[in-house]
Amino acid sequence: MGRKRRRDRGGRKASSRPVRSAPVASDRLETQKAPSIIEGWSPKIWYAAVAGTCWVAALITTWPLALHLGSAIPMGTETAPTIPLFDAWTLWWNADRLAHGYAGLWNAPIFHPTQGTFTFSEPLLLPGALGAPLFWLGAPLALAHNFVLLALLCLNGVFGCRLVRALGVARLPALLAGILIVTLPFFAKMQGELPLLGLAGALVAIDGIIRFGANGRARDAVAAAVGMLLQALSSQQLALFSLLFIGAAAAVAIAERAFERTSILWLAGALSAAALSMYALARISLRVHEELGFERTADLVESLSAKPLDFLTRPLTAIVPFPPHEDPAAFTEGLFPGLLLLGLAGFGAATRSLDDRQRRWRWYAAGSCVFALLLSLGLHLSIGSWQPFAALRALPGFAEVRSVYRCAVFVQIHLAMLAALGLSALGRHLARPQLAQRWRHPERFVAAAGLLAAAENLSLPAPLLSLPAAHAGWSDYVAQQPPETVVAHVPFPQGGSVDQLAPEAWRMFAQIEHQKPLVNGYSSNFPPIYREFMFAMGTQFPQPMLACALKRVFGADLLVVDQDWLSSHGPGFAQIMPMLDPAYSDNAVAIYRLRPSEAECPPMRLDIGSK
């Protein structure tokens with residue numbers, strides 16, 4: 001080499017003197033050889049940065065919740081406080097039972113005397129364990145709830161970041177992918193429903209499978225199995241859907257291992273063991289549901305299946321108004337994933353600058369997006385006279401699924417995976433020698449693209465539900481009664497809509513204070529006998545027969561009557577007063593001891609419904 005002259009592409013002798021393009025060579029050396037600051041961080045600093053960044057992203061996407069952590073909880077796009085309050089109650093019951101070694105977990109103190117009532121909805125076992133220490137320390141209910149909510153969002157981002165790192169994505173685009181996952185529109189829409197925010201387990205499972213495909217290590221197969229279990233403990237309905245995508249990822253990983261027999265045995269064995277453990281966890285719920293005749297009718301499932309146009313509306317409080325916001329009365333709308341997220345994902349799906357392994361997993365992610373979109377259409381999708389989701393409902397567990405549109409979360413998760421590949425490819429493209437002079441710091445442009453995509457999907461300000469101060473006078477009185485005292489609240493709801501059931505959720509909120517069994521209650525499923533009795537109470541009480549049923553059939557000892565209802569039903573209420581002993585009264589409620597005589601209320605039973 002030495003002083004030899006080089007020839008340029010035109011064949012001319014190149015001068016040995018320095019040329020004006022020398023700075024470009026310097027920039028090229030800096031871009032290709034000098035790592036960015038983030039790549040130079042130690043593993044400990046990197047892990048702390050990922051966790052801290054995702055936690056900050058969770059605070060931003062729920063703003064202004066950070067200003068009210070101890071006094072309010074997010075509503076998401078819920079139009080009534082029913083579900084947010086019920087989730088808070090579920091966390092309390094988890095903490096209470098964990099303190100007793102989970103004794104009596106499934107017999108929650110609602111719908112007395114029905115057994116197995118905690119199986120009627122998502123039990124939130126893992127989120128409940130996360131929030132339990134705060135309950136034990138006497139923290140406000142809102143603080144415990146909000147810690148769990150923020151932790152779920154943060155963990156989604158952390159394990160989403162780890163997942164794309166398994167694909168060889170550099171640290172910066174991986175961190176941006178974590179932020180994109182925390183700020184997904186689906187999570188903004190569902191901030192009022194804790195069971196739909198915890199997807200970290202599925203991300204852990206897919207991450208373990210991707211790593212297993214690369215190296216065939218047994219520990220990665222075990223990690224995938226653990227992720228499946230974590231998902232089942234976080235959200236049973238999302239765990240059920242996630243099995244479809246985990247299975248597809250496993251097929252890709254086995255193909256990547258060239259169908260090696262040992263790899264097949266390890267991965268299939270680990271995932272099968274996890275699936276059996278999931279079934280063991282769910283079998284109590286399945287048995288109770290079968291005994292009580294719970295079912296999701298085809299009409300209900302179809303009404304909660306997405307429609308194609310639902311993917312062209314944003315959540316109700318999205319800051320970007322195009323496409324338009326969802327209709328507040330439509331549960332299935334607001335599923336648009338974001339223009340910039342779509343753009344980055346499209347670039348990741350189309351770019352040629354991926355290695356062979358990334359191309360393979362790119363097709364998995366793109367296929368999963370399409371499959372999840374079609375799956376979310378539920379019973380709205382038919383091929384001729386055949387409905388694919390109707391066939392899927394014949395499989396164990398899928399008949400329990402009501403809100404099929406929620407599978408849209410897997411569309412958005414896999415779009416974020418593709419977006420990470422797109423951001424990584426964008427950084428490499430901008431670092432090419434011919435662009436190095438124009439883009440001296442390509443990582444800044446990559447960061448800006450990722451952060452703008454996240455900002456576009458923000459729904460701010462997040463609607464909040466203020467929780468009243470604890471220790472209302474009447475709940476203090478109820479708390480002083482013997483532990484076996486059973487409480488019934490009047491009025492009962494007159495219908496089964498979420499709005500009409502909001503008073504029941506507030507009564508469960510009060511139960512956290514007095515901790516006495518309730519005849520009332522709210523859940524995803526209602527016992528058939530209770531549901532019909534509830535509507536009868538809502539429309540026909542105070543008939544003496546219904547008052548007798550409260551005592552003889554449901555075991556009520558105290559009747560807590562709202563004062564505003566009592567003032568408008570005074571004459572009718574007088575006919576059951578001989579059965580009641582006044583016990584307490586304030587501006588909110590009047591409490592009576594229900595003590596009918598045998599003559600007034602002989603022994604009775606109710607046979608309502610066919611099951």
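The values are calculated or read from the model by the stated rules, or taken from the named source; none is laboratory data. Quantities reported herein were computed from a predicted structural model and do not represent experimental measurements. When we count neighbours, we look across all protein chains shown, and the Cβ atoms used for this are built from the backbone with ideal geometry, even at glycine. In case anyone asks, the SASA skips ligands and DNA or RNA and just uses the protein heavy atoms, side chains included. Shrake-Rupley method; radii C 1.70, N 1.55, O 1.52, S 1.80 Å.
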Cut-off under 5 Å, modelled amide H: who pairs with Tyr522 long-range: none
Over 18 Å [Cα-Cα, segment 71-133], rounded percent: 39
With all protein chains modelled, accessible area of Asp299 [1.4 Å, Å²]: 120
Point-to-point label distance, Gln543-Ala280, nm (Cα→Cβ direction, 7 Å offset): 4.9
Nitroxide proxy distance, nm - points 7 Å out along Cα→Cβ at Trp506 and Asp355: 6.0
MRE, 222 nm, helices only [DSSP H, n ≥ 4, -39500 (n - 2.57), over the chain, to nearest 500]: -17000 deg cm²/dmol
Proximal charge balance of Ala214 [Cβ under 10 Å; K/R count +1, D/E count -1]: +2
Rg(Cα) / (2.2 N^0.38 Å) computed for segment 538-607, rounded to two decimals: 1.08
Point-charge dipole on Cβ atoms (K/R +1, D/E -1) for the chain, about Cα centre, debye to 20: 5200
Three principal axis lengths of segment 151-229 [C-alpha, angstrom, descending]: 40, 30, 16
Förster radius 41 Å - calculated FRET efficiency between His429 and Ala391, Cβ distance, rounded to 0.05: 0.40
Span-like helix ranges in the chain, DSSP H, alpha carbon extent 20 angstrom or more, Kyte mean at least 1.6: 236-256
Debye log10 I(q)/I(0) for the chain, one point scatterer per Cα, at q = 0.07, 0.10 Å⁻¹: -0.51, -0.92
Solvent exposure of the chain as accessible area per residue, Å², 1.4 Å probe: 44
Hypothetical label at Ser568: residues of segment 473-493 whose amide nitrogen lies under 15 Å (7 Å Cα-Cβ projection): 490-493
Trypsin sites (Lys or Arg not before Pro) within segment 392-462: DSSP coil, no more than 10 neighbouring Cβ in 10 Å: Arg438
Those trypsin sites (Lys or Arg not before Pro) in segment 160-241 that DSSP places in a loop and that have at most 14 other beta carbons within 10 Å: Arg217
Cα-based reach from Lys307 at 12 Å (exclusive), listing aspartates and glutamates while leaving out same-chain residues under 8 positions away: Glu333
Beta bridge orientation in the chain: antiparallel %, DSSP, nearest 5: 75
Spacing of the two label points (7 Å from each Cα toward its C-beta) at Ser524 and Glu290, in nm: 1.9
Extended-chain gain in nm, criterion 0.36 nm per residue less alpha-carbon gap, Val498 and Ser466: 9.7 nm
Solvent-accessible area, 1.4 Å probe, carbon plus sulfur percent, for the chain: 61
FRET efficiency for Ala103 and Glu600, using Cβ-Cβ distance with R0 set to 30 Å, rounded to 0.05: 0.20
Förster-model FRET efficiency, 35 Å R0, Ala399 and Ser585, C-beta, rounded to 0.05: 0.15
Nonlocal amide H pairs with His325, under 5 Å, H built at 1.01 Å: Arg314
